[in-house]
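Here is the structure we will look at, set down as structure tokens.
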Amino acid sequence: MAEKNTQSIARKDDAELASRIKDTLVPHVDICEDKDSVTLYADLPGVDKEGLDVHIDKDTLQLYGRRAAAGTDAKTGDSYTEMPDRDYYRAFTIGEEVDREHIAANLNNGVLKVVLPKSERVKPKKIVIKCG
Amino acid sequence: MNGSNLKRLLLNAVEAPGLAPEGGETSMALTLWKDTYPAHVLDDLKSQLDRWFGDYFTKNKPAAAAESIFSESGTLMRFPAVDIEERSNTCVVHAEIPGMHKDEIKVEYRDGYLTIRGEKKFEHEDKRKDFHRIERSYGSFQRTFEIPGEVDSEAIKAEYKNGVLEISLPLLENVKRKIKRIDVT
């Protein structure tokens with residue numbers, strides 16, 4: 001699973017996507033693999049289920065997260081900010097071994113977990129050796 | 001770049017004027033934290049360091065603030081990132097702490113200081129997995145902020161939602177800063 005160059009996607013696809021992913025944050029991810037699947041964890045603090053868009057198109061996995069609006073009260077005083085008010089976007093290339101029909105995603109406490117199961121044909125198989 | 005250059009720069013930064021706290025500003029209930037934090041004095045150092053390190057840190061870095069080894073606000077990157085603002089007589093603190101359980105976050109207010117602490121454990125269910133990338137942060141964290149003004153400490157509320165901790169500290173409206181003049185005899 002390799003990082004996808006977002007610039008190339010923006011050029012290829014429609015203008016709406018290009019404007020949407022402009023000026024977005026790149027979320028931190030952990031990616032791990034075992035014999036059955038590849039699992040991706042992405043930190044998306046401030047994103048709720050409604051603001052999340054996980055999209056798979058051919059060989060590209062795209063993650064897009066929109067921050068939930070933080071309160072409606074107008075600011076009345078000074079403010080100090082370290083949290084950038086921007087959406088998240090990141091894309092990866094996924095290999096043919098991923099079973100696209102059974103990808104599962106789950107968002108919990110600002111962490112997105114995507115499980116990409118491997119298709120049966122690439123899983124390691126034990127070959128029984130017959131004596132005789 | 002060599003060590004002595006960096007050392008000289010750091011010395012310069014420390015000796016730079018403007019570090020002394022400005023007195024007399026008593027009108028605002030919530031003073032801008034940045035003003036009392038010396039990071040803005042280090043702006044020159046920041047741009048120098050960014051130039052020296054250049055692509056080395058930023059090239060393959062997927063971090064939020066990929067443009068700089070510092071965060072956008074000019075301070076060194078800290079975990080968790082926070083927003084502090086004053087709205088309708090309440091000081092509201094937001095902190096980005098994704099992937100925690102609410103019981104693992106400790107929030108404490110004492111003598112005008114708010115402390116957020118916790119530990120994010122590296123707990124992937126299957127330890128035998130092979131990792132391709134580990135970019136998320138793990139480990140203990142603690143940050144403390146001075147909350148200026150009188151806080152109604154009984155009415156402080158904290159909520160953890162979508163990986164963001166929100167702490168509301170109601171400011172006591174009728175307690176204005178009392179200035180007591182002392183006569184010199």
Scanning the stretch B:134-143 residue by residue, those within 13 Å of another protein chain (Cβ to nearest Cβ) and within 19 Å of the chain's Cα centre (by Cα) turn out to be B:ARG136, B:SER137, B:TYR138, B:ARG143
Among the residues in the stretch A:90-98, are any over 27 Å from B:PHE122 (Cα atoms), surrounded by 15 or more Cβ atoms within 10 Å (Cβ to Cβ) and either in contact (Cβ under 8 Å) with a residue 40 or more places away in the chain or out of contact with any Lys or Arg (no Cβ under 8 Å at 6 or more places or on another chain) (or both)? no
Among the candidates B:GLU146, B:GLU166, B:GLU154, B:GLU173, single out the residue that is at pLDDT 85 or above, surrounded by fewer than 15 Cβ atoms within 10 Å (Cβ to Cβ), within 14 Å of chain A (Cβ to nearest Cβ) and out of contact with any helix residue (DSSP H, G or I) (no Cβ under 7 Å at 6 or more places or on another chain). B:GLU146
I want to confirm something. Restricting to the stretch A:46-96 and keeping residues that are at pLDDT 90 or above and at the interface with another protein chain (Cβ under 7 Å from one of its Cβ atoms), which single residue is nearest to B:GLU96 (Cα to Cα)? A:GLY46
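The values are calculated or read from the model by the stated rules, or taken from the named source; none is laboratory data. The structure displayed is predicted, hence computed values, not measured ones. Don't worry about glycine lacking a Cβ; one is built from the backbone with ideal geometry, like all the others, and counts go over all protein chains shown.
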